[in-house]
There are 2 protein chains.
Amino acid sequence: MTEIASMGEFALIKHLTEKIELRNTSTVRGTGDDAAVIRYEGKDVLVTTDLLLEGIHFDLTYVPLKHLGYKAAVVNFSDIYAMNGRPRQITVSIGVSKRFSVEALEEFYTGLRLACEIYGVDIVGGDTSASLTGLCISITCLGEGEKGNTVYRNTANNTDLICVSGDLGAAYMGLQLLEREKTVFNGEKDFTPDFAGKEYLLERQLKPEARKDIVDLLRDNNILPTSMIDLSDGLSSDLLHICRESNAGCRIYEERLPIDYQTAMMAEEFNMSLTTAALNGGEDYELLFTVPVAMHEKIEALDGVTMIGFICEASAGENLIARDGTEVPLTAQGWNSLA
Amino acid sequence: MTEIASMGEFALIKHLTEKIELRNTSTVRGTGDDAAVIRYEGKDVLVTTDLLLEGIHFDLTYVPLKHLGYKAAVVNFSDIYAMNGRPRQITVSIGVSKRFSVEALEEFYTGLRLACEIYGVDIVGGDTSASLTGLCISITCLGEGEKGNTVYRNTANNTDLICVSGDLGAAYMGLQLLEREKTVFNGEKDFTPDFAGKEYLLERQLKPEARKDIVDLLRDNNILPTSMIDLSDGLSSDLLHICRESNAGCRIYEERLPIDYQTAMMAEEFNMSLTTAALNGGEDYELLFTVPVAMHEKIEALDGVTMIGFICEASAGENLIARDGTEVPLTAQGWNSLA
């Protein structure tokens, strides 16, 4: 094990960044100067940023550093896709305890580089610093948007169909599972966590993917959403963002919510409401979007996209229509780490 | 006092960002969506990022939050100016303890907004989160560069003149002064720190400015530096970056180093080497740049710029010529927070 304190800041940064390859022609200059230089000819520049703090956003007892690096990058890419853009560059700042090993940091960077390779993104800068306490990660992602095709949250229209990619609640169930096994483990030496048949839930929590494929699919089918957001806080919170910023209401149908078999099994095992998990479980990183109602058949023909309801007038409120026909108002729960 | 925990994340972000004005036509959309949208027509996009952690980069016992906000923004602007660019947008992520008050965060944002107002920069996004421990600040700045006029670190040429703006070592002396008064204070109730006649040192440490004026001055005089960097780690470290990345050596002259009267007085009071403070004291945020030797007279005519030496062949090494004519090799000390 090599202590990072033994390397010094400049050597460490050099060591961590020397394996970085640049892929995009828009990246004129990456790491190594006061600033990176990027050139997007006639495009929109999209910028998003995420701060991940140990103990708040992740728990190193069960999150492998490689996965953490992967996820830290992917959640930013997801925000760019949610604007109908393509992620192109990221900057990565990390604050680490001096007791962290160089090998541990390399694990983190391996995950980061893997995500960048898969999504075609360049690492163009960052900052590395000591932290007196936990691990602190800040990633900023730049993306490219076609002018006129950038999709916002506040442009949903009355009667638009509400669509969601993939399935809901699995990442949340994965987190519950990890928390349970951590409690059971409690320092026991020969403990083996019981994850059989729940691999999908773990993957959704530990190694989520951003829905580049859905953005491609929509483009290939000439579907430009009227509004779009990625699901990080949970369907309920994120749909409320679209509604409130578009000055609209919505009706979504409980029976239409896409849920995986493993998520359903786990909810039963935990004796939790499956619908609550689907509505308020965060970190799905699926895309939630609206399209004009005339696109109904086009959407129906797409694999991996489900229509779950429609946009209505603001005065009608934001409601879930339960299986028994009752209307339940949607509430913003999300992940309030400050409460 | 309003505890941030009482507000909730969404309300807090809204509260902190509602006073934000957008100034730049390049800012198409700021906060409030998955990503900001920026449009630079036919320009270079410059990107830089800085991570500031409590206990490592700042000490809240003597750094007022308003100043911290100001400085956090300005150090990023400085990196953009060091590329011969203009800062245009920043994203601001903060991790704060739940015990932090909303008023304290407002102080931080007041400083941040003031810096943005003075330098003409838009706040376009960010992230706000709880932190289990200290205050954590991550700022990413986007800037605009004229194609072909972006100035890098690795393009200094043999015989180029080495120039520096302003004066050196004052921010470091300001830090020493603050640390001394903190030790003397040591919880005493009626303690009044002794800062008389040392205001300049404190200002350089607590409220540094980025040298927009120097970048303007060079442009107005048709001077395009061959290389440039901002002084964050200290003259010695930062000049070594230019030399090593340009595959060059340098000679700088002790007697030419620009030093303010207050810095000199303080060094004497502390019985410290003034030259060491000028060479290795960080956080001056002055611009260090090189120009062709033919520009000698043009540079000499500029206020606030000093020629301190010249670039030579790499084989000649990187040396300070002391007042007595001896050659002293420059060494990278900088601020190694990891060591």
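The values are calculated or read from the model by the stated rules, or taken from the named source; none is laboratory data. Everything numeric in this text was worked out from a predicted model, so none of it was measured. A quick note on method: Cβ atoms are made from the backbone with ideal geometry, for glycine too, and the neighbour counts reach across all protein chains shown.
Here residue B:76 does not qualify as at positive phi, modelled with pLDDT of 95 or more and not charged (D, E, K, R).
Would it be correct to say that residue B:293 is aliphatic (A, V, I, L, M) and surrounded by fewer than 19 Cβ atoms within 10 Å (Cβ to Cβ)? Answer is yes for this residue.
Filtered by the rule that a residue be farther than 17 Å from residue A:313 by Cα and surrounded by fewer than 17 Cβ atoms within 10 Å (Cβ to Cβ), region A:243-258 gives A:255, A:256. If the condition is being touching a helix residue (DSSP H, G or I) at 6+ places or on another chain (Cβ under 9 Å), more than 10 Å from every other protein chain (Cβ to nearest Cβ) and assigned to a helix (DSSP H, G or I), then region B:12-34 contributes B:15, B:16, B:17. Taking region A:123-165 as the range and being away from chain B (no Cβ under 11 Å), under 30 Å from residue A:257 (Cβ atoms) and buried (at least 23 other Cβ atoms within 10 Å of the Cβ) as the test, the residues that pass are A:156, A:160, A:162, A:163, A:164, A:165.
Report, by residue number, each residue of region A:120-151 that is in a strand (DSSP E or B) and of a type in the set (Lys, Arg). I'd like the intermediate steps shown before the answer.
At the first step, the residues of region A:120-151 found to be in a strand (DSSP E or B) are A:122-130, A:136-145.
Those that are in a strand (DSSP E or B) and of a type in the set (Lys, Arg): none in region A:120-151.
One residue is enough: does region B:81-97 have a residue meeting the conditions in a loop (DSSP other than H, G, I, E, B) and modelled with pLDDT under 95? Within region B:81-97 (the criterion being in a loop (DSSP other than H, G, I, E, B) and modelled with pLDDT under 95), the answer is yes, since at least one residue qualifies. Within region B:205-231, residues that are within 16 Å of residue B:152 (Cα to Cα) have Cβ atoms under 9 Å from residues that are among the charged types (D, E, K, R) and assigned to a strand (DSSP E or B) in these pairs: B:215/B:86, counting only partners at least 6 apart in sequence or on another chain. In region B:72-95, of all residues being facing chain A (nearest Cβ under 8 Å) and of a type in the set (Val, Ile, Thr), the one that is nearest to the chain's Cα centre (by Cα) corresponds to B:80.
Does residue A:225 satisfy being outside any strand (DSSP E or B), touching a Phe, Trp or Tyr at 6+ places or on another chain (Cβ under 8 Å) and more than 27 Å from residue A:267 (Cβ to Cβ)? Outline the logic, then answer.
Details: outside any strand (DSSP E or B): yes; touching a Phe, Trp or Tyr at 6+ places or on another chain (Cβ under 8 Å): yes; more than 27 Å from residue A:267 (Cβ to Cβ): yes.
In short, yes.
Among the residues of region B:180-192, those identified as modelled with pLDDT under 75 and either surrounded by 11 or more Cβ atoms within 10 Å (Cβ to Cβ) or part of a helix (DSSP H, G or I) (or both) are B:185, B:191.
Just one of the listed residues (A:274, A:240) is surrounded by 14 or more Cβ atoms within 10 Å (Cβ to Cβ) and either within 14 Å of chain B (Cβ to nearest Cβ) or more than 25 Å from residue A:207 (Cα to Cα) (or both), and it is A:240. Among the residues of region A:35-71, those that are among the hydroxyl-bearing types (Ser, Thr, Tyr) and either at the interface with another protein chain (Cβ under 7 Å from one of its Cβ atoms) or surrounded by 24 or more Cβ atoms within 10 Å (Cβ to Cβ) (or both) comprise A:40, A:48, A:49, A:70. Please go through region B:243-271 and pick out each residue that is closer than 29 Å to residue B:202 by Cβ and without any contact (Cβ under 8 Å) to a residue 60 or more places away in the chain. Selection gives B:256, B:261, B:264, B:268, B:269, B:271.
Scanning region A:204-224 for residues that are closer than 15 Å to residue A:74 by Cβ and surrounded by fewer than 16 Cβ atoms within 10 Å (Cβ to Cβ) returns a single hit, A:213. Of all the criteria given as (1) surrounded by fewer than 24 Cβ atoms within 10 Å (Cβ to Cβ); (2) under 30 Å from residue A:290 (Cα atoms); (3) out of contact with any Ser or Thr (no Cβ under 9 Å at 6 or more places or on another chain), the one not satisfied by residue A:25 is (2).
Residues of region A:243-302 being among the hydrophobic types (A, V, I, L, M, F, W, C), part of a helix (DSSP H, G or I) and touching an Asp or Glu at 6+ places or on another chain (Cβ under 6 Å), which ones?
Our first condition is that a residue be among the hydrophobic types (A, V, I, L, M, F, W, C); within region A:243-302, this holds for A:243, A:248, A:250, A:252, A:257, A:259, A:264-267, A:270, A:272, A:274, A:277-279, A:287-289, A:291, A:293-295, A:299, A:301-302.
Now narrow it down to the ones that are part of a helix (DSSP H, G or I): A:243, A:264-267, A:270, A:274, A:277-279, A:293-295, A:299.
The one that is among the hydrophobic types (A, V, I, L, M, F, W, C), part of a helix (DSSP H, G or I) and touching an Asp or Glu at 6+ places or on another chain (Cβ under 6 Å): A:243.
If you go through region B:308-319 one residue at a time, do you hit one that is in a loop (DSSP other than H, G, I, E, B) and not hydroxyl-bearing (Ser, Thr, Tyr)? Yes: one or more hits.
Listed here are the residues, each with its yes/no results for (1) more than 20 Å from the chain's Cα centre (by Cα); (2) under 19 Å from residue B:263 (Cα atoms); (3) not assigned by TED's automatic domain parsing to the domain that holds residue B:64.
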{"position": "B:194", "(1), (2), (3)": "yes, yes, yes"}
{"position": "B:202", "(1), (2), (3)": "no, yes, yes"}
{"position": "B:205", "(1), (2), (3)": "no, yes, yes"}
{"position": "B:211", "(1), (2), (3)": "no, no, yes"}
{"position": "B:214", "(1), (2), (3)": "no, no, yes"}
{"position": "B:217", "(1), (2), (3)": "no, no, yes"}
{"position": "B:222", "(1), (2), (3)": "yes, no, yes"}
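Total residues in region B:273-307 satisfying the condition of being over 20 Å from the mean Cα position of the chain (by Cα) and not small (Gly, Ala, Ser): the figure is 14.
Taken as a whole, the condition of being of a type in the set (A, V, I, L, M), modelled with pLDDT of 85 or more, touching a Lys or Arg at 6+ places or on another chain (Cβ under 9 Å) and not in a loop (DSSP other than H, G, I, E, B) does not apply to residue B:47.
Return yes or no: is residue A:100 at negative phi, within 13 Å of chain B (Cβ to nearest Cβ), surrounded by fewer than 24 Cβ atoms within 10 Å (Cβ to Cβ) and in contact with a helix residue (DSSP H, G or I) (Cβ under 9 Å, 6 or more places away or on another chain)?
Details: at negative phi: yes; within 13 Å of chain B (Cβ to nearest Cβ): yes; surrounded by fewer than 24 Cβ atoms within 10 Å (Cβ to Cβ): yes; in contact with a helix residue (DSSP H, G or I) (Cβ under 9 Å, 6 or more places away or on another chain): yes.
Here the answer is yes, as residue A:100 does meet what is asked.
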